[in-house]
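Worksheet: the structure to be examined is printed underneath.
The values are calculated or read from the model by the stated rules, or taken from the named source; none is laboratory data. On a predicted model such as this, the values are computed, not experimentally measured, just so you know. Cβ: placed from backbone, ideal geometry, glycine included. Neighbour counts: every protein chain shown.
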Amino acid sequence: MTIQLAGSGLTIEDVVGVARQGTRVAIKDSARQRMVASRAIVEGLADGEPTYGITTGFGALETVAIPADKRAALQVALVRSHAAGAGPRIESEVIRAMMVLRARTLAMGFSGARPETAEALVALLNGAITPLVYEHGSLGASGDLAPLAHVALALIGEGEVEHGGEVVAAAEALAAAGLAPIELVEKEGLALTNGTDGILGMLCLAAADISNLLKAADVVAAMSVEGLLGTDRAFADDLVALRPQPGQARSAANLRKMLAGSPLVASHRHDDPRVQDAYSLRCTPQVHGAGRDTLDHLVRTVGYELEAAIDNPMVLEDGRVESGGNFHGAPLGYVADFAAIALADLGSVSERRMDRLLDTNRSHGLPAFLGDDPGVDSGLMIAHYTAAAMCGENRLLAAPASVDTFATSGMQEDHVSMAWGAARKLRTVVANVSRILAIELMAAARAIELRAPVDPAPATAAVIKKLRTEVAGPGPDRALSPEIAAAEVLVADGSVVEAASGVAGSLD
């Protein structure tokens, strides 16, 4: 499969495929034609007409006129000076997402870049040459300057890249792949660096991850309902429909599918003195559903951005070259912060269900901490601590980054979005919630097995069977870190949802 970049039509799934599976990329002829037309406008600019970043300096240096014989050097200097990232390297999947998204914007034909420049970016992707990009350097306006500059640096044969599992000089990797460094011309350094592609790439990856986590959360919550001898009556279709929130309805439907035919749920339906479950069980559709509605908003915003031309200045079809603000990351920063809030709460309600499973005062007959010989065995006591610690971190990370700003570039760039930081912390929250749900999965599975000989629902039984291929069942204490890591993989890679769907049908 090869994704054809036309400037529009790229999907979240396409970006994830390039970033994670190495899907190949090509540029359509129609996009090349638009880039040629856009390039002609840049080359035809009157020599005396000041045009930002083409005949002038950058940022607060916009009033400095650049003579014609230094304009190509200006673009190279921009890339070198802006490659100022610091801190640890960011993940290769984020860099690859950023690269394909920058190539997409160039392919729209509003940046004035040559087709061969966009082709060079695509060649890095297809050659599995990944520039080294660092954690700090983007304020989310004028886009992801330092991260994108490190990518552009590799295109001109400078800096370092990862190739063949090793970090090597960019010039060495290009030569090994039969590629030549590009020579930047007017506007191209700016076109390669002035975008929100890193932020957008992280949101595309997050959208895929969050969709899976929301389904996994429903699966695991249903298991906790069974383990705690809870009821499915609160998830009834007609009851949930009285509050027409779409995400709530989807979550409740998943819970009904998971609990269908459960002997555990039926075993106490008529002789249980409790008339309702605790909020962490009964309100699962409301909490998980709100997360779905938040994800829908994120996906909608990302969809708009995947059709957007992000650069400055923009080369318009009528020949105008206009400065604007499409590089500002506010729309992306807001949804990243919103998603972090929703996910932090998803982890929080999971931790509350887990706590009930481990507490003899509330677990309705289960052994303390689900241990084999409580007192001698601590069971999952400290695994719960681990989950609680990550919940605490998520609460800190749920504090919005996008309400902050700084004034930079001599007060010319006096309001920035901080959306890069919002997207980075969202990635941490996603990883933490994967681990929290993994620990609840381990606890709920133990609880269900300790209810034997009464059986769980067929769908939850299938999930437990899958878990037991990697994680042992109840028994004497053992080191739990490897089991948490194994369960996390099953949650994060979709195995838990797949096992459940194989019995219950497709989960929404």
Next on the checklist: Please count how many residues of region 374-411 are surrounded by 13 or more Cβ atoms within 10 Å (Cβ to Cβ) and part of a loop (DSSP other than H, G, I, E, B).
Outcome noted: 11
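Name the residue, out of Leu124, Leu148, that is farther than 30 Å from Arg320 by Cα, modelled with pLDDT of 95 or more and either part of a strand (DSSP E or B) or within 24 Å of the chain's Cα centre (by Cα) (or both). Full working, then the answer.
Values: Leu148 fails: farther than 30 Å from Arg320 by Cα.
Matching residue, one of Leu124, Leu148: Leu124.
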Checklist entry - Of all the residues that make up region 285-326, how many are assigned to a loop (DSSP other than H, G, I, E, B), without any contact (Cβ under 8 Å) to a residue 12 or more places away in the chain and within 20 Å of the chain's Cα centre (by Cα)? => result 0
Checklist entry - Taking region 170-181 only, how many residues are surrounded by 15 or more Cβ atoms within 10 Å (Cβ to Cβ) and either assigned to a loop (DSSP other than H, G, I, E, B) or not small (Gly, Ala, Ser) (or both)? => result 4
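Give the residues of region 17-32 that are in contact (Cβ under 8 Å) with a residue 24 or more places away in the chain and either over 20 Å from Ala207 (Cβ atoms) or surrounded by fewer than 21 Cβ atoms within 10 Å (Cβ to Cβ) (or both), sorted by residue number.
Initially, region 17-32 is screened for residues in contact (Cβ under 8 Å) with a residue 24 or more places away in the chain, giving 18-20, 22, 24-28, 30-32.
The answer is Arg20, Gly22, Arg24, Ala26, Ile27, Lys28, Ser30, Ala31, Arg32.
Can you tell me which residue within region 324-347, out of those that are modelled with pLDDT of 95 or more and of a type in the set (Phe, Trp, Tyr), is farthest from Arg395 (Cα to Cα)? Walk me through how you get there before you give the answer.
Of the residues in region 324-347, the ones modelled with pLDDT of 95 or more are 331-347.
Then keep just the ones that are of a type in the set (Phe, Trp, Tyr); that gives 334, 338.
Working: Tyr334: 17, Phe338: 12 Å.
Among them, the one singled out is Tyr334.
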Next on the checklist: Considering only region 488-502, I want to know if a residue exists there that is hydrophobic (A, V, I, L, M, F, W, C), surrounded by fewer than 24 Cβ atoms within 10 Å (Cβ to Cβ) and over 25 Å from the mean Cα position of the chain (by Cα).
Outcome noted: no
Item to check | Search result, residues across region 1-13 that are touching a helix residue (DSSP H, G or I) at 6+ places or on another chain (Cβ under 8 Å) and surrounded by 14 or more Cβ atoms within 10 Å (Cβ to Cβ) | outcome: Ile3, Leu5, Ala6, Gly7, Leu10, Ile12
Checklist entry - Of Ala399, Ala419, Ala336, which residue is among the aliphatic types (A, V, I, L, M) and out of contact with any helix residue (DSSP H, G or I) (no Cβ under 6 Å at 6 or more places or on another chain)? => result Ala399
Checklist outcome for this item: Checked pairs for region 373-393, first of a type in the set (Ser, Thr, Tyr), second part of a helix (DSSP H, G or I), C-beta under 8 Å and 6 or more apart or across chains, list as Ser378/Phe369; Thr386/Arg435; Thr386/Ile439; Thr386/Ile484
Checklist entry - Hey, does region 94-104 have a residue that's surrounded by fewer than 24 Cβ atoms within 10 Å (Cβ to Cβ) and within 22 Å of Leu74 (Cα to Cα)? => result no
Item to check | Verdict on Gly329 being farther than 27 Å from Gly195 by Cα, crowded, with 23+ Cβ neighbours inside 10 Å and under 27 Å from the mean Cα position of the chain (by Cα) | outcome: no
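Can you tell me which residues in region 121-169 are among the polar types (S, T, N, Q) and buried (at least 22 other Cβ atoms within 10 Å of the Cβ)?
Applying the first criterion (among the polar types (S, T, N, Q)) to region 121-169 yields 126, 130, 138, 142.
Of everything in region 121-169, those that are among the polar types (S, T, N, Q) and buried (at least 22 other Cβ atoms within 10 Å of the Cβ) turn out to be Thr130, Ser138, Ser142.
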Next on the checklist: Given the criteria farther than 22 Å from Phe327 by Cα and modelled with pLDDT of 95 or more, does Leu184 qualify?
Outcome noted: no
Checklist entry - Inside region 182-258, counting only helices (runs of 4 or more DSSP H) that do not spill past its ends, which hold 1 or more residues that are of a type in the set (A, V, I, L, M, F, W, C) and crowded, with 23+ Cβ neighbours inside 10 Å? => result 188-193, 197-227
Checklist entry - If we scan region 278-297, do we find a residue that is crowded, with 22+ Cβ neighbours inside 10 Å and either among the basic types (Lys, Arg) or outside the structural domain of Ala342 (by TED's automatic domain parsing) (or both)? => result yes
Next on the checklist: For region 21-76, give me the residue count where each residue is under 32 Å from the mean Cα position of the chain (by Cα) and modelled with pLDDT of 90 or more.
Outcome noted: 16
